[in-house]
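Since the structure comes first, as structure tokens, the remarks are kept for the end.
Just so it is clear, none of the values below were taken in a lab; they were calculated from the coordinates. Bear in mind the structure is a predicted one, so any value in this text is a computation, not a measurement. Cβ atoms come from the backbone with ideal geometry, glycine included; neighbour counts cover every protein chain shown.
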Amino acid sequence: MLICRYSLFVVFVAMLLGGCSSQHAGIKVVDSWGQKEKTQVVESLYAQLEKWQGVPYRLGGLSKNGIDCSGFVYLTYKDHFGIELPRTTGQQAKSGRPVDATVLQAGDLVFFKTGILAKHVGIYVENGKFLHVSTSKGVMLSKLSDPYWSSHYWKTVRVP
């Protein structure tokens, strides 16, 4: 846990100091994390997917019996990165600093407006893919380029 927090601290210091960028599948990916830390974040997110894949959506849920999108983000950040985010999508949307959708890093929170008042959150992994809880398929990996998600995209937040 302490090593994870230290690694996360190093990652965020590196982000503040800047970094070089590259193009990948039409999405500009900022490589401000050291390769080791970036790889660990991606591996942690895939491990979370493997552990939770298919767990059904349940509004307000926070267990393997059912979980909602903000609860999944909350547990993922708490369990894998030692960061306790707010519990709701609205509060999570205010919990970090906004970043442009063209500059994504593993661990960024991606938000969507799915209805007049409804919002959805997922965690960017890599290569245009994000981890989230679908109301029909449960915990899964989806593509930001999917017509549904690209048309409902709202914003991206980087958690400090």
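Things to note:
- Listed cross-link partners 94/119; 38/137; 51/129; 38/113; 64/94 are compared with a 23 Å cut-off, the Cα-Cα value being larger for 38/137; 38/113; 64/94.
- Here's how it looks for residue 138: its modeled amide H is under 5 Å from those of 57, which are all 5 or more places away or on a different chain.
- Counting beta carbons within 10 Å around each of 97, 87 and listing the fewest first gives the order 97, 87.
- Extension gain for the segment residue 116 to residue 155, taken as residue separation times 0.36 nm less the Cα-Cα distance, is 12.5 nm to one decimal.
- Residue 119 long-range amide H proximity, modeled H, under 5 Å: 114
- Near residue 61, the amide H atoms lying under 5 Å from its own belong to 68; only residues 5 or more places off or on other chains count, and H is placed 1.01 Å from N.
- Scalar couplings 3J(HN,Hα) for segment 115-126, obtained by applying the Karplus form with A = 6.51, B = -1.76, C = 1.60 to θ = phi - 60°, are x, 4, 10, 7, 10, 9, 10, x, 10, 5, 10, 5 Hz; x denotes Gly and Pro.
- C-alpha center-to-center spacing [segment 133-160, segment 35-92] in angstrom: 13
- In segment 43-111 the Cα-Cα distances spread across 5 Å bins starting at 0 as 3, 16, 26, 26, 20, 8, 2, 0 percent of all pairs.
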